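The values are calculated or read from the model by the stated rules, or taken from the named source; none is laboratory data. Note that the structure is a prediction, hence the values are computed from the model and not measured. Ideal geometry is used to build each Cβ from the backbone, glycine not excepted, and the neighbour counts take in all protein chains shown.
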Amino acid sequence: MDATKENNVPERVEGAAEDGAVEAAGLRDALLRLRRATGLQVAFGGLLHDGSAMRIAELTGAVTPALRGLAISTGSGLGGKCLALSRPCAVTDYPSARHITHEYDGPVSAEGLRSVIAVPLVVRRKVRGVLYGALRDALPIGERVFDAAVAAARDVEQALAVHDEVRRLVAEREEMRQAYGELRELAPRVTDPEVRERLWAVCGRLETASGTDVSGSAPEVTLTPRETDVLAAVASGATNAAVAERLGLRPETVKGYLRSAMRKLGAHTRLEAVVAARRAGALI
């Protein structure tokens, strides 16, 4: 096996695990907020990964393990219908509902769920998962609960979109860094002086383009513990209000920590700050 490829495998696995942990944390926070805001007895959900069936991975309020890990196929049950239609779906009494299939009646019955709402998580027109809320009584899902469930889903969608963008920016920077390294390795070997000078000039442009460091050396940045906490929460896609709630701070205080961190990192946006902090080793 090629040594370079072999050495890259653990890095890819570790990166995927980190991505999954961040996504799970965002979903878990949204489910907890949904229950607190609505009085729903159970909230749960899951994300689609690599085109595979969605699995229920996060639950709050459950009293049995019946739903955990349950694979939801598109078109099957309430969640599968939600996935297929890409819109919220609800039933007042799950066991007797006529407009859904009933492959999952066993786990649903084991948890004692009756009234259930399912809301799709859609990012850039692509369904990425489903968020559920449920009661153990056969009661209609009111407008207030419906709106709260949709709002919770929007929070998760925002977190996923931010996380996707961070990954894209990190990948682009890594690709630029690799191209820079190849050019620096190639330039001394070029015998034509004019071509060699042009290659060195391109290297210089890459080094200074948009203030991006492609040389491989990370700038030294010292963030306070609170600045690091705020950036870590932002990296998960949390809004300022959600960060404030998570850390027990006021929203204005969160904005202050974020501005301070961005100034230290030379960043102009939240995403740039997260990428720069990770590049500098100040944020895992």
Q.
Can you tell me which condition Asp192 does not meet? The list is (1) exposed (fewer than 15 other Cβ atoms within 10 Å of the Cβ); (2) under 23 Å from Arg168 (Cα atoms); (3) modelled with pLDDT of 85 or more, and all the others hold.
A. (2)
Q.
Looking at region 111-128 only, could you name the residues that are hydrophobic (A, V, I, L, M, F, W, C) and within 14 Å of the chain's Cα centre (by Cα)?
A. Leu121, Val122, Val123, Val127
**Q.** Lone qualifier among Ala238, Ala242 - being outside any helix (DSSP H, G or I) and within 23 Å of Arg33 (Cα to Cα)
**A.** Ala238
Q: Could you list, in sequence order, all residues of region 25-54 that are aliphatic (A, V, I, L, M), at pLDDT below 90 and in contact with a strand residue (DSSP E or B) (Cβ under 6 Å, 6 or more places away or on another chain)?
A: Leu27, Leu48, Ala53
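Quick check on this structure: which one of Ala159, Ala118, Ala171, Ala179 is closer than 20 Å to Ile56 by Cβ and outside the structural domain of Gly45 (by TED's automatic domain parsing)?
Step by step, each of Ala159, Ala118, Ala171, Ala179 is checked, and only Ala159 is closer than 20 Å to Ile56 by Cβ and outside the structural domain of Gly45 (by TED's automatic domain parsing).
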Q. Looking only at region 68-80, which residues are under 22 Å from the mean Cα position of the chain (by Cα) and buried (at least 18 other Cβ atoms within 10 Å of the Cβ)?
A. Leu70, Ile72, Gly79, Gly80
Q) Restricting attention to region 111-134, does a residue exist that is touching a residue at least 12 places away in the same chain (Cβ under 8 Å), over 30 Å from Glu165 (Cβ atoms), among the β-branched types (Val, Ile, Thr) and assigned to a helix (DSSP H, G or I)? A) no
Q) Only one of these conditions is not met by Leu83: (1) modelled with pLDDT under 95; (2) farther than 17 Å from Arg55 by Cα; (3) buried (at least 21 other Cβ atoms within 10 Å of the Cβ). Which number is it? A) (2)
(Q) I need the full set of residues from region 248-265 which are in contact with a helix residue (DSSP H, G or I) (Cβ under 6 Å, 6 or more places away or on another chain) and either β-branched (Val, Ile, Thr) or buried (at least 16 other Cβ atoms within 10 Å of the Cβ) (or both), in order please. (A) Val254, Tyr257, Leu258, Ala261, Met262, Leu265
(Q) So, in region 201-230, exactly how many residues are at pLDDT below 85 and assigned to a helix (DSSP H, G or I)? (A) 11
**Q.** Matching option when the condition is surrounded by fewer than 17 Cβ atoms within 10 Å (Cβ to Cβ) and in the same structural domain as Gly112 (by TED's automatic domain parsing), among Asp147, Asp164
**A.** Asp147
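Quick grid of which residues meet (1) of a type in the set (Asp, Glu); (2) assigned to a helix (DSSP H, G or I); (3) within 21 Å of Leu32 (Cα to Cα); (4) touching a residue at least 12 places away in the same chain (Cβ under 8 Å):
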| residue | (1), (2), (3), (4) |
| --- | --- |
| Ala232 | no, yes, yes, yes |
| Glu252 | yes, yes, no, no |
| Gly256 | no, yes, no, no |
| Arg259 | no, yes, no, no |
| Ala267 | no, no, no, no |
| Ala273 | no, yes, no, yes |
| Ala277 | no, yes, no, yes |
| Gly281 | no, no, no, yes |
Q: Report, by residue number, each residue of region 78-107 that is under 12 Å from Val130 (Cα atoms) and outside any loop (DSSP other than H, G, I, E, B).
A: Leu78, Gly79, Gly80, Lys81, Cys82, Leu83, Ala84, Leu85, Cys89
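Let me confirm something: among Val91, Val127, which residue is surrounded by 15 or more Cβ atoms within 10 Å (Cβ to Cβ) and under 20 Å from Ala24 (Cα atoms)?
Val127
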Q: Determine whether Ala57 is modelled with pLDDT under 95 and either crowded, with 21+ Cβ neighbours inside 10 Å or in the same structural domain as Leu27 (by TED's automatic domain parsing) (or both).
A: yes
